[in-house]
Amino acid sequence: MSIRDAIRSRRSTRRYADRLVPEDVLESLLALAHRAPHLTEWPPRVTVVSGREQVARLLARYAGVYGLVEGAPYLLVGLIPGDSELARLDLGFVLEQVVLEATRLGLATCWMTGSYYPDRVTQEIALEPGEVVAATVALGYPREDAMARLHDAAIRRLVSAHRRRPLEDLAFRGRWGVRWTSEGTDPRVLEVLEMARLAPSAKNSQPWRFVLEHGVGEEFPALHLFLTHAMPMDGGIVMAHIALAAAEVGWAGRWQVRWRDLDLAAAVGAPPSVVPVGSFVPKSD
Ligand SMILES: Cc1cc2nc3c(=O)[nH]c(=O)nc-3n(C[C@H](O)[C@H](O)[C@H](O)COP(=O)(O)O)c2cc1C
C-alpha cells in the first residue's frame, strides 16, 4: 500500500477487536517513531502501553463530543521533552508518520488528546525528566461487527468526521485572500494538496490554510502553511501528510519551520488572527 493509499483509507476507529498485533510489527512501529524525520532538535518519544485492561484504565469514558474508545489492545503514547508549541508540532509530525505506517500494515488507529487521563498514563510509563504526555493513539485491529460499525458511525456523524472543506476554501494563490482553483495546477501539486486535506485534526476542525507561491522558473511552488487556531499538533500532522505525499509524487521539498514567524505572515499578507507554521520549499534551497 502506498502512503497515499494509507492516507485515503485511514479513519479514526473507536471499536477494536480482541486480537494481538504481532510483536515484530509493534517493534517496527516504535523503531519508525525513533528514526522518523522530525522538525526540531528535541524530537518527541513514542512508547506503548499493551493490554486491553491496562489501556482501558487510561481512557476516559466520555470526553466532550467523543465517546469511549473501546477494546484497544495498545496505546501509543506521545511524549514531548518539555511543554511547548514547537514540541507539540513535532509530535504531530512524527506520530502521524507512525499512524500512516500502521494503516499501511492493516492496523486501525485513533488519535486522542481528550479521551484519556494524562495522570494515569504518567503513572503507567517511565518518564524521563521534564517529559510530558501530550497525545495518545489507540492501536489495534478494528472490530467489524454491526454494533461496532454503528457506534463508530454515530461518533463520526457527531464530529462530521467524513467531511472535509474543499481545497478552494483552504488554499490561496500567491497571497492570502487570492482565490486558488485547481485549474492549471500541476497534478502532482494537486495530489499533495488533496492528501493534506484528508489529514485528521482534533474535532475535525481542519485549521490548515495554504498559500502557494510560484517562483519564476521553479517547477514546484513554495507552500506556506498557516493555522486558523493555534493547534500545533494538527499542524505537524498535516506537515507529515505533505512531506510524505510529496516524496511519493516526486516533489522534492523540505519543511522550514517558521512557527509564529510574523515575517512569513507579512510576506504573503496573512492576517494577525492566523498562526504562521512553516514553508515547504524546494530541497535545493
Ligand atoms: C490531535 C487530535 C486529537 C484528537 N483527539 C481525539 C479524542 O480525544 N477522542 C477521539 O475520539 N477522537 C479524537 N481525534 C480524532 C478526530 O475526531 C478525527 O481525526 C476527525 O474527526 C476526523 O476523522 P477521521 O480521523 O476519521 O478522518 C483527534 C484527532 C487529532 C488529530
With a ≥ b ≥ c taken as the square roots of the eigenvalues of the C-alpha gyration tensor of the range 3-158, please select rounded if a/c is under 1.5 and otherwise prolate if a/b is larger than b/c or oblate if it is not? prolate
Modelled label-to-label distance, residue 151 and residue 120, 7 Å Cα→beta-carbon offset: nm? 1.5
Cα-projected label distance for residue 162 with residue 274, points at 7 Å along beta-carbon direction, nm: 2.9
Between residue 20 and residue 266, 0.36 nm times their residue separation minus their Cα-Cα distance comes to what? 83.5 nm
Under 15 Å from a point placed 7 Å out from the Cα of residue 219 along the Cα-to-Cβ direction: which residues of the range 268-285 have their backbone N that close? 281-285
Between 0 and 90°, nearest 10: helix 232-249 axis offset from the chain longest Cα axis: 70
Neighbour counts of other C-beta atoms within 10 Å: give me 213, 128, 168 arranged from fewest to most. 128, 168, 213
Using DSSP to define loop residues, name the chymotrypsin sites (Phe, Trp or Tyr not before Pro) in the range 1-93 whose beta-carbon has at most 15 other beta-carbon atoms within 10 Å. 62
For the chain, the Cα-Cα pair-distance distribution in 5 Å bins from 0, as whole percents, is 1, 6, 12, 17, 19, 16, 12, 8, 5, 2, 1, 0
Net charge (Lys, Arg +1; Asp, Glu -1) of residues whose beta-carbon lies under 14 Å from that of residue 149, residue 149 excluded, is +2
By the scheme Lys and Arg +1, Asp and Glu -1, what is the net charge of all other residues having a beta-carbon under 15 Å from that of residue 229? +3
Taking one equal scatterer on every alpha-carbon of the range 167-282, how large is log10 of I(q)/I(0) by Debye at q = 0.10, 0.11, 0.19, 0.22 1/Å? -0.24, -0.30, -0.97, -1.36
Estimated [θ] at 222 nm from DSSP helical runs (n ≥ 4, -39500 (n - 2.57)) normalised by residues in the chain, nearest 500: -11500 deg cm²/dmol
Do you know the relative contact order of the range 3-158, to the nearest whole percent, from alpha carbon pairs under 8 angstrom that are 6+ apart? 34
At most 14 other Cβ atoms within 10 Å and a DSSP loop assignment: could you name the GluC sites (Glu not before Pro) in the range 37-116 that fit? 41
Could you give the distance between the Cα centres of the range 257-282 and the range 196-251, to the whole Å? 12
Report the full-extension gain for the segment residue 32 to residue 53: residue separation times 0.36 nm, less the Cα-Cα distance, to one decimal in nm. 5.0 nm
Using only Cα positions of the range 107-204, each an equal point scatterer, no hydration layer, compute I(q)/I(0) via Debye at q = 0.19, 0.25 Å⁻¹ and quote the log10 values to two decimals. -1.03, -1.32
Using only the alpha carbons of the range 187-235, what is the convex hull's orientation-averaged projected area in square nanometres? 3.6
Just subtract the alpha-carbon distance of residue 61 and residue 2 from 0.36 nm times their residue separation and send over the number in nm, one decimal. 17.8 nm
State the Kirkwood hydrodynamic radius of the range 222-271 in Å, one decimal place, computed from all pairs of distinct Cα atoms. 12.0
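Throughout, read-outs are computed from the coordinates displayed, never taken from laboratory work. Please read all numbers here as calculations on a predicted model, not as lab measurements. When we count neighbours, we look across all protein chains shown, and the Cβ atoms used for this are built from the backbone with ideal geometry, even at glycine.
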